[in-house]
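Reading through the structure tokens given below for one structure.
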Amino acid sequence: MNNTIKLAVAAALLAAASSANAGIIIPAGDWTLDIGGVVNMYYTSTRATGTPSGDLTAGANAGGSRTASNITTGLLPNYITFSGKTRQNDLDVGFTISMQPGGSTVNALSGGGSNENRQQFLTFGDASWGSIKLGKDLGIFASDAILSDMTLLGVGSGAGTLVGNTTTLGRIGTGYIYADWKNQIAYSSPNWSGFSFTAGVTQGWNAVNTAPAITGGATNLQRGGSEPAFEGKASYAWTGDVAGKVWVSGITQKVQAFTTIGGDSRGEAVDIGANVNVAGFGLTGYYFTGRGIGNQYQFSGAFDALGQKRDSDGGYVQATYTIPGVGTKVGASWGTSNLDSTANDTMGNAKNEMWTIGVYHPLTKHLNLVAEYSDAKDKVDAKGAIAATESQAKTVALGAILFF
């Protein structure tokens, strides 16, 4: 596996995407097998104040506060990935299967937390015309946003409450919408002097967690993903003394009402981002905007109870510096995710934002020590008879992450 932190993260999330990100290589007849993964754990302490709102406030009592200390995995789960590749009939053929054993729990007799299976896919193609992927992998829209997030090596927000969670949130919902892990059929182009694109059909998500439109109105109205989603992205990367990458991506999906309320609709979003690296300094900027897609998880809170789309937008900025000769990376980032109220909503406009300061030190080629501080705020404006709510969660995280 490449000994830079950034490539190690990409290898952990997108195993077998590039032969440069090799882990433990095993020749096996016509095949070359690759075993790689991630092991991480952090001690976290979260001080939450304000109105309760789940992970962000660590279960604080209304108007009160709470401190929650946990030992947990971070934004990345623990990971083991098995992949293989071969050349047959003028085609590059490959597969990836991964497992994510949970390491976070607060209940006795739970066995060790949740377990996930995020990746199972096959690929075939050729350098001359590109490759096709069939299976489950990281979604296309907003994937570069999470892969560029420095909290991928750490914790970010969401460490206060662990029940039912395999990982923390990082900057999900405070700067970008989660790309998630989706069944998909996707085509990726060759790399044409730094330019490439990916387009695919992915599993449609249901739209859930709809807030009431009026007092006594319907709550938790579900709207079904009646058709697949269509996602795509294009990017241009360059190298040299000033290296970097720019990208755009988008998603659209039909959403079908389960009842006569609202009728069918469509959720959609686009984003744009860039990162530039020069003389040890790194700068990342990202922005997204959407309608009927939510601001944290895709299609969660995307519609009001009468089926009207909620608008959302947000983004983040991030600056890092890698100390020469030491390899320690220090960074600071700020991001926000916003969800606009509709005319029917009793809830007001919602805004989530977070500051993070982090230090990431490579103790060895594969082992990194991490120290992070994150200050997350969650605010919903008053509307009608419903009062405004505001909460804050300050999290300190100390731990280590190992890539192999």
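Brief remarks follow.
- Restricting region 134-157 to residues that are of a type in the set (Gly, Ala, Ser) and more than 23 Å from LYS245 (Cβ to Cβ), the residue that is surrounded by the fewest Cβ atoms within 10 Å (Cβ to Cβ): GLY135
- Residue match in region 69-79 (condition: at negative phi, at pLDDT 90 or above and over 23 Å from the mean Cα position of the chain (by Cα)): no
- Of MET347, MET354, all but one fail to be under 18 Å from THR168 (Cα atoms) and either surrounded by fewer than 21 Cβ atoms within 10 Å (Cβ to Cβ) or touching a residue at least 40 places away in the same chain (Cβ under 8 Å) (or both); the exception is MET354.
- Every residue from region 291-311 that is surrounded by 21 or more Cβ atoms within 10 Å (Cβ to Cβ) and free of Cβ contacts under 8 Å to residues at least 40 places away in the same chain: ARG310
- In region 117-157, the residue that is farthest from GLN88 (Cα to Cα) out of those that are part of a strand (DSSP E or B) and among the polar types (S, T, N, Q) is SER157.
- Matching option when the condition is on the phi > 0 side of the Ramachandran plot, at pLDDT below 65 and out of contact with any strand residue (DSSP E or B) (no Cβ under 8 Å at 6 or more places or on another chain), among GLY59, GLY54: GLY54
- Annotation note: Cβ proximity below 8 Å between a residue of region 188-201 that is more than 17 Å from LEU138 (Cα to Cα) and a residue that is not in a strand (DSSP E or B) (sequence gap 6+ or interchain) occurs for PRO190/ALA127; PRO190/SER128; PRO190/TRP129; SER196/SER189; SER196/PRO190.
Rundown of residues vs (1) buried (at least 17 other Cβ atoms within 10 Å of the Cβ); (2) touching a Gly at 6+ places or on another chain (Cβ under 9 Å); (3) among the basic types (Lys, Arg), yes/no style:
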position: ILE323; (1), (2), (3): no, yes, no
position: THR328; (1), (2), (3): no, no, no
position: SER341; (1), (2), (3): yes, yes, no
position: GLY358; (1), (2), (3): yes, yes, no
position: LEU363; (1), (2), (3): no, no, no
position: LEU367; (1), (2), (3): no, no, no
position: ALA371; (1), (2), (3): no, yes, no
position: LYS377; (1), (2), (3): yes, yes, yes
position: ALA385; (1), (2), (3): no, no, no
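- The sole residue among SER110, SER104 that is more than 30 Å from GLY285 (Cβ to Cβ), crowded, with 22+ Cβ neighbours inside 10 Å and modelled with pLDDT under 95 is SER104.
The values are calculated or read from the model by the stated rules, or taken from the named source; none is laboratory data. Since this is a predicted model, take the numbers as computed values, not measurements. Ideal geometry is used to build each Cβ from the backbone, glycine not excepted, and the neighbour counts take in all protein chains shown.
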